[in-house]
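Let me begin by presenting the structure, written as structure tokens, before commenting on it.
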Amino acid sequence: MALSSIRSRLALLAVAVALPLLALLGWMFFSQLRSQEIEARESSLRVARLAASTIATMHGESATLLDRMAEREAIRTAQTRQCDSLFAIVDFFPHYVNLFQINHAGELICSASPQPDDLGVSTDAAEWITATVKSGSLPMGSPLVRPIEGRWISVLAEEVPGVGKEDGSILALVLHPGIETGLAPGTVMTLMNAEGVILARSAAPESWSGRAVRGTEVTEIVLRERDGQTEAIGIDGVSRQYGFTSVPGTGWSIYVGVPTDEVMQPVRDLFFRGAVAGLVIVLIALASALAFARSIERPIGMLVAAAGEVAQTGRTRRLPAEGPREVALLSEAFHEMVERRSRAEGRLVESERNLKALSDRILTVQEEQRRRIARELHDDLGQSLTALKMDVGGLLRLAGDEPATSTLRERIRQTLDATVDSVQRIAAELRPPVLDDLGLRAVLESDAQIFEERTGIECELSIAEESLRLDPRTETALYRIIQEALTNVARHSDASRVEIRIRNRHGELLLDVRDDGRGVTGAELEGPAALGLLGIRERAAMLGGTAHIEGVEGSGTIVSLRVPVAQPAVEGGHE
């Protein structure tokens, strides 16, 4: 299983912190955008309703004013010299641009004196009104809206009956409601009649006035619902947040729209600032995480290197306490563990050395005891039995050759002979005298012959040196190893042949005991019953060598011994 590093995990932690932050920023963005859109629509609706109320109020007041003026005798018989006094009312209401009295022929009879700021609008309005009167298209009692010099101008006309049948005239009041003033940047106010024809528009009024806009999204919504708010595509293709309502008493509709981009811009700015701040926070967190990772990785890397050094050499130098407190404590605990391990290994090595010395001493004492017991059996018990055999033989001869005792005499002789043979055999097994007298080669040849006679397993002895003479300690250890190997072959291997090879190569004595039996298993090599094999290893270690035991199923077992020798043997061969 792949393991992730501290740095990658801290980076994931920084990402885990960044994702909720970005999600929060996104939620705040859309929430704020939704709030701004609702606020823009509500604000547009308030402006539209205020404008509709203003237009309705002004037109109502203006219609009343014109009705009253039309009833005055002085107006009916007005002369040019009387205009200032008759129309002075214009001076008291700044939203009135001018008041004109025009005869049916389109000739201007009277007008008020407009304010200086309204002079240009008044002049253009007079020209337009007289032309409209001449054409007979000026409606009476219904307001008419027209843009002049970029300003909304509302004209309200009233018929003034004259003294004679042909003396009638028209009062035309020019109003400037000012409803387009005070709009937020980018906001567009549109006035539309019931047929979907634009009467006035705050943006590019000359281009839009008089145009039919039925079929556009915002127009259909306004004409259908009459009052409310929505988000829609405007007549110019721009998405806006609209508030709309109808103008009482006129059949008109007025709608105010704030561009959605203008609504979103503050939110975008806020989101951008938040995103930048969030990114800065994430970068700071990531940089801090990487710095923290480096502060952890360095001491941990040193600990890993130290652990590897301990695994190879068993010791390491003491590391400086670096990084966070926990890592420093880990380093201290590691070095304490290494020191304890070193002390424990020292005690273990000392114990192993003592155990090896004890084992060597036990084997040496055991061999000395065997030698002593074999000598006592051979010298004392063997001689005593020989003397007893001679004495019993003399007594049997003195007893005569009577038939009644012949069977008893023969049994006594056989028992004595068997007892002497047993004592000699036991003494030879404890310590063959041939080993001390003639050396390892002679005793191995003798044992190989006896092994074949007792077990029926063919035993082949191969010694590369003609006169193999080693120190008594080495000869004894080699003899016991071969003896134990042959015992295992006889007891467990089911072999038909065993080969013993001894040779000297480059100052090292090589011993191989190989059989063709079933092959020792790994469980048998490590099992509690493998005491003989353990003895082989211990004797090899006592000589400063190594023993390797390997079994191949169905092919047999090989016991290999490698022992350094102080002096090379004379080359030769005997089999």
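Using the Cβ-Cβ distance between ALA307 and ARG505 with R0 = 51 Å, the FRET efficiency computed as 1/(1 + (r/R0)^6) comes to roughly 0.80.
The residues ASP261, ASP227, ASP515, sorted by heavy-atom accessible surface at 1.4 Å with ligands and nucleic acids left out, run ASP261, ASP227, ASP515 from largest to smallest. Using the Cβ-Cβ distance between ALA541 and GLN483 with R0 set to 22 Å, the FRET efficiency from 1/(1 + (r/R0)^6) comes to roughly 0.80. When the surface is traced with a 1.4 Å probe over the full set of protein chains, LEU223 keeps roughly 40 Å² accessible. Given labels modelled 7 Å from the Cα in the Cβ direction, how far is it in nm from VAL276 to TRP27? Calculated label separation equals 2.5 nm. Between ILE463 and ILE502, HIS574, the built amide H atoms are under 5 Å apart, and every one of these is 5 or more places off in sequence or on another chain.
Remark on VAL565: its backbone amide H falls under 5 Å from those of GLU508, LEU509, a criterion applied only to residues 5 or more positions apart or on other chains, H modelled at 1.01 Å from N. 3J(HN,Hα) along the range 221-232: 5, 5, 5, 7, 9, 6, 8, x, 8, 6, 10, 8 Hz, from the Karplus curve 6.51 cos²θ - 1.76 cosθ + 1.60 with θ = phi - 60°, whole Hz, x for Gly and Pro. Estimated from the Cβ-Cβ distance and a Förster radius of 35 angstrom, the FRET efficiency linking SER142 and VAL238 is about 0.65.
Backbone geometry of the range 286-293 corresponds, through the Karplus equation with coefficients 6.51, -1.76 and 1.60 at θ = phi - 60°, to 3J(HN,Hα) couplings of 5, 4, 5, 5, 5, 4, 5, 4 Hz, x marking Gly and Pro.
Multiplying the residue separation of ALA74 and SER53 by 0.36 nm and subtracting their alpha-carbon distance yields 4.3 nm.
Rounded to whole numbers, the Karplus 3J(HN,Hα) couplings from phi for the range 18-30 are 5, 4, x, 5, 5, 4, 5, 4, x, 4, 4, 4, 5 Hz, using 6.51 cos²θ - 1.76 cosθ + 1.60 with θ = phi - 60°, and x at Gly and Pro. The 1.4 Å probe gives accessible areas that order ARG480, ARG503, ARG72, ARG273, largest first, as ARG273, ARG72, ARG503, ARG480. The Cβ shell under 13 Å around VAL258 holds other residues with a net charge of -3, Lys and Arg each +1, Asp and Glu each -1.
Extension gain for GLU206 to ARG491 (0.36 nm times residue separation, less C-alpha to C-alpha distance): 90.2 nm. For LEU470, nonlocal amide neighbours, meaning residues 5 or more places apart or on other chains whose placed amide H falls under 5 Å from its own, are LEU440. For PHE30, the solvent-accessible surface computed with a 1.4 Å probe is close to 140 Å², ligands and nucleic acids excluded.
Counted residue by residue at 0.36 nm each, then reduced by the alpha carbon distance between them, the extension gain from ARG425 to HIS95 reaches 103.9 nm.
Largest accessible area first, the residues ASP447, ASP471 order themselves as ASP471, ASP447 under a 1.4 Å probe with ligands, DNA and RNA left out.
The values are calculated or read from the model by the stated rules, or taken from the named source; none is laboratory data. What you see is a predicted model, and the numbers here were worked out from it, not measured in a lab. As a convention, Cβ positions derive from the backbone with ideal geometry for all residues, glycine included, and neighbour counts pool all protein chains shown. Remember, those area values only see protein heavy atoms, side chains included, never the ligands or the DNA or RNA. Shrake-Rupley method; radii C 1.70, N 1.55, O 1.52, S 1.80 Å.
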